[in-house]
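Below is one structure; the comments refer to it alone.
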Amino acid sequence: MTDSGITTNVIDKGQGLADMFINMGPQHPATHGVFRMELALDSELIVDATPHIGYLHRGSEKLFEHEIYSQIITLFDRLDYISNFNNELGLVMAVEKLMDLEVPDRAEYIRVILCELNRIASHLIFIGTFALDMGALTPSLYNFRDREKILTLFEATSGARMMHNFFRVGGVKQDVIKEFPAQVATLLDELEAGIDDADKMLSLGEVFVERTRGIGVIDGDVALDWGVSGATLRASGVPYDVRVEDPYSVYDRFDFGVPVGSAGDCWDRYYLRVLEARESIKIIRQALEQMEPGPIQTKVRAIARPPKGEVYVHAENPRGDFGVYLVSEGAESPYRLKVRPPSFCNLMALRDLLVGHYIADSVVILGSLDIVLGEVDR
Amino acid sequence: MNEFNWTYVGVAVLGLFGLFSFLATVVLSLTWYERKMLARIQMRSGPSRVGPHGLLQPIADVFKLVTKEDIRPTNSSGLLFWSAPLIVFVSAFLVWLTVPFADGAVVAPQELGLLYIVAISTVGIVGLLLAGYTSSSKYSVLGGIRAAAQLVSYEIPIIVVVLAIAVLVQSLDLRDVILGNEVTIGERVLSFDGQGAIPFAFIMPLGLIVFILAGLAELGRTPFDIHHAESEVVGGPFLEYSGAHWAVFFLAEYINTFVIAALTVLLFFGGWSWPSPPESVFGTALEEWQTDALGVGWFLFKTYMVVGLFFWFRGTYPRLRIDQLMAFGWKSLIPLSFVNFILMSIVIFYEWPLWVMTAFSVPILVLGLYIGSRRTARLADPTTVQMYRRARREDGGNKLIPEGSGD
Amino acid sequence: MPFEIDIGADLDEVVCRAPASHIDEIASILKSDERTSFKYLRLLCVVDYEEEEAAFDVVYHLYSLEHQHKMVLKARILAADPRLPTVTTVWRGADWYEREMHDLFGVEFLGHPDLRTLILPDGFEGFPGRKSFPLHDYDEF
């Protein structure tokens, strides 16, 4: 992992004596949600870090047991509230696998296009807020402008900018409008230009590189042990992407690359996501070509009752490996529905990442993990 | 020595009051300018509702700040707490007494103008330390000490560059920096040119770059504004101030910004006189006060351009960490400023023509930029991230292999 | 040394039931053995069968990146005495899962370094994840 020759910027990973305790409280401009972190400092150096979560706990998993599946789709939207379509996909895949349903092709392609657009939107937010944490004010506004275009398209498709409630067990709720392919094609060109803008503004700038290179390095094996997934794991050199490893939906029909880093630091995690957004554009283009007219939902009862059994499915969310474990007793509500949120696992590794760095790096490292508290707390 | 008489005091008070009003107006316009410029860089429209094009926005801001409640931490001593912003403001304000806006338009001309400026601006650091100390939280104390360390470190390149200018002109008077100077050494009369013909930016480009960067760090502006951001985490020195007292800090910061920009224009871009002084353009067609006014206008225009450059930096760069900031100051700017000073002294001592100085400075500047970009390129090596493609495994599954490695 | 392990299948998963008291040793073997090499703990979950069978099922989903195979490991513990050894010594990533299960279900993981509340507010009484805990009619504290 360090054979790239880049030495870390960590001064001393030993156990210094803590003489100051700082609380990055639940209300904080830089913690990406309600999240509390206690830092024990030895003047400027972080000696120990304790994350505290649970401020956004809404008892989702208990609620799932009392709602029918079509209602649970709305709850899944709100887990990782930035990549809504990806969450919905996890749930409907779990139920479909248990019921052994075959989803029509057109619905699969629509799902893939929407999920990949959501991935691009999520990564745009990441780039913007990551730069904002470091004081670069401009990239976030450029990226939010591009994300607006995506959200307008979502609104035309599903009726809502963010909490869509669009996927259904067996397909999608309704077909896309007939201008959809043309609109998406224009949007993709604009997004390409937008991602290039963001890349040019930040990636190789002197100050940005100074702030992110060699910061927050984690070894690939250690990260795997913590259960880290997604771009954070790939930046440390482990080539694990669920879309390739265990293809779901129609991802095995597309030709796309997966960027993998080797330095395991914040810059690699950032740059990976820029490249991933570009690859998503490629996937969407291929999906538009391959998509053909057809039905968009298989015949299934209005209230789905999966047979008795249990199933685990996972998908590649923008944040990582999103898993859904469904235990069904044949009723219209699940017996146990557990969500495996990628941000939850990525956040476990935070202490390892922070110890030995300066306090100003804590914000950068936390930003590079790209967590969303909605799915950490559920 | 002037006799003490009340007319003198009255005139001085009027002059100070006029200067204060002028500066307050300038600061108001700068807040509007900054917000509009940042907004345009970020593709927004900025203040646009309060008054035409948002021109009355600064007045609304001032009104809001002044009517806010004044909060003081219980554990801090009242007198020290309230006096910290005043110290910062007064030292920023006093610098303006010697700044010549045009030939003859100076509030209090000083022969030791440059020395006076660097000395007075250092007093502001004391105010900053006091602000950190009297806010009763230990985080503010540390934040204040850190901010003071930053300011003190970056005073050194500023002082050394100012010394180089003084060597070039053989005088510490700001008017001589613009108009030139004559020095008698024994029997010889040496005359040193002002900036009428060639601004010192062309003679001392290294000094210009060092001065601008050190000035940005003095002001605590991006990319050196870590003490603003630290207040989110640790507690900068300004954390406990609210309302009108924070407005005084705010005022002082913008006055300082304008001072650094004005000094850049005076020391390097010829003040009001380059490319040519208004007198020579309009000759006897105008009265003296009119050429003075034109000179002031031209000087202010150039200063606003330089301030615009500072705002442009703010909209573009992220901020450096405190140790990177200090490393940059001590390891890069201070050596460069000393090199600049020594070269200038050599050129003046041997009475070489001034383009020799340019010939020395430009390669050093280019070398410095080259070394910096090499370091960035080495760090920002994008090949640490490789693209992997899907390939088939022996047992039928998929795996990821690096692109280009055939299978 | 031999453990009684019940190997079954469910849809496309290999489901193994193991004795709860030795779950950490079994997990350690599964991780270190070359043939299994389950280095990635995907999910650690507790399913509440309190009403029907007076027991909890602790479910571990394991994955191996090298061999690309997966497994489900289940351990049954009694509702009256819900304790079993922790697997944080095997996979560090089990840490917060176990804390969360302790919060929501009251399962105690013996040997866990720090079993404080994770997602519930401090001082919350009761175990809301259990089926016996009502969805609506409980006292707000």
Working only within the stretch C:1-44, note down all residues that are β-branched (Val, Ile, Thr), at pLDDT 85 or above and closer than 21 Å to residue C:109 by Cβ. C:23, C:26, C:29
Look at the stretch A:301-313 and say how many of its residues are open to solvent by 30 Å² or more (accessible area, probe 1.4 Å) and modelled with pLDDT of 85 or more. 4
From the list B:221, B:175, B:188, exactly one residue is modelled with pLDDT under 85, in the same structural domain as residue B:325 (by TED's automatic domain parsing) and under 13 Å from the mean Cα position of the chain (by Cα). Which is it? B:221
Any idea which of C:34, C:98, C:53, C:108 is of a type in the set (Asp, Glu) and either on the phi > 0 side of the Ramachandran plot or open to solvent by less than 10 Å² (accessible area, probe 1.4 Å) (or both)? C:98
Residue in the stretch A:81-96 that is in contact with an Asp or Glu (Cβ under 9 Å, 6 or more places away or on another chain), open to solvent by 40 Å² or more (accessible area, probe 1.4 Å) and of a type in the set (D, E, K, R) present: no
Among the residues of the stretch A:314-336, write down those that are facing chain C (nearest Cβ under 10 Å) and either in contact with a helix residue (DSSP H, G or I) (Cβ under 7 Å, 6 or more places away or on another chain) or open to solvent by 10 Å² or more (accessible area, probe 1.4 Å) (or both). A:314, A:321, A:324, A:329, A:335
Going through A:212, A:232 one at a time, which residue ends up being crowded, with 24+ Cβ neighbours inside 10 Å, of a type outside the set (D, E, K, R) and more than 14 Å from chain C (Cβ to nearest Cβ)? A:212
State whether one or more residues within the stretch B:14-30 are assigned to a helix (DSSP H, G or I), closer than 20 Å to residue A:138 by Cβ and at pLDDT 85 or above. yes
Any hit, the stretch A:169-180, residues being more than 30 Å from residue A:304 (Cβ to Cβ) and either more than 11 Å from every other protein chain (Cβ to nearest Cβ) or touching a Phe, Trp or Tyr at 6+ places or on another chain (Cβ under 6 Å) (or both): yes
Which residue pairs have Cβ atoms closer than 9 Å, lie 6 or more positions apart in sequence or on different chains, and pair a first residue in the stretch B:380-407 that is more than 7 Å from every other protein chain (Cβ to nearest Cβ) and more than 15 Å from residue A:239 (Cβ to Cβ) with a second residue that is modelled with pLDDT of 80 or more and open to solvent by 50 Å² or more (accessible area, probe 1.4 Å)? B:395/C:67
Residue by residue through the stretch A:256-272, note down the ones that are within 10 Å of another protein chain (Cβ to nearest Cβ) and in a helix (DSSP H, G or I). A:267, A:268, A:269, A:270, A:271, A:272
The number of residues in the stretch A:86-107 that are within 14 Å of chain C (Cβ to nearest Cβ) and part of a helix (DSSP H, G or I) is 8
Considering the stretch C:27-85 alone, what residues qualify as being over 18 Å from residue A:242 (Cβ atoms), free of Cβ contacts under 8 Å to residues at least 40 places away in the same chain and hydrophobic (A, V, I, L, M, F, W, C)? C:29, C:47, C:54, C:55, C:59, C:78, C:79, C:80
Residue set B:375, B:390; condition part of a strand (DSSP E or B) and open to solvent by 30 Å² or more (accessible area, probe 1.4 Å); output residue B:390
Could you pull out the residue among B:102, B:92 that is closer than 24 Å to residue B:33 by Cα, open to solvent by less than 30 Å² (accessible area, probe 1.4 Å) and at pLDDT 85 or above? B:92
List the number of the failed condition for residue C:72; all other conditions in (1) surrounded by fewer than 21 Cβ atoms within 10 Å (Cβ to Cβ); (2) within 17 Å of the chain's Cα centre (by Cα) hold. (1)
What are the residue pairs meeting all of these: first residue in the stretch A:350-367, first residue under 11 Å from residue A:48 (Cβ atoms), second residue of a type in the set (Asp, Glu) and open to solvent by 10 Å² or more (accessible area, probe 1.4 Å), Cβ atoms under 9 Å, and 6 or more apart or on different chains? A:351/A:48; A:354/A:48; A:355/A:48; A:356/A:12
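Yes or no, residue by residue, for (1) within 18 Å of the chain's Cα centre (by Cα); (2) open to solvent by 10 Å² or more (accessible area, probe 1.4 Å); (3) of a type outside the set (Ser, Thr, Tyr):
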{"position": "A:350", "(1), (2), (3)": "yes, no, yes"}
{"position": "A:353", "(1), (2), (3)": "no, no, yes"}
{"position": "A:366", "(1), (2), (3)": "yes, no, yes"}
{"position": "A:370", "(1), (2), (3)": "yes, yes, yes"}
{"position": "A:378", "(1), (2), (3)": "yes, no, yes"}
Against the definition (under 18 Å from residue A:340 (Cβ atoms) and not small (Gly, Ala, Ser)), how does residue C:76 come out, yes or no? no
Inspect the stretch A:255-269 for any residue being touching a residue at least 60 places away in the same chain (Cβ under 8 Å) and out of contact with any Ser or Thr (no Cβ under 8 Å at 6 or more places or on another chain) and give the result as yes or no. no
Selection from the stretch A:238-255 of residues that are surrounded by fewer than 22 Cβ atoms within 10 Å (Cβ to Cβ) and assigned to a loop (DSSP other than H, G, I, E, B): A:239, A:246, A:247, A:248, A:249, A:250, A:254, A:255
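The values are calculated or read from the model by the stated rules, or taken from the named source; none is laboratory data. Note that this is a predicted model, so its numbers are computed, not measured. Ideal geometry is used to build each Cβ from the backbone, glycine not excepted, and the neighbour counts take in all protein chains shown. The protein model used for the area step is the full one, side chains on, heavy atoms only, and it has no ligands, DNA or RNA in it. Shrake-Rupley method; radii C 1.70, N 1.55, O 1.52, S 1.80 Å.
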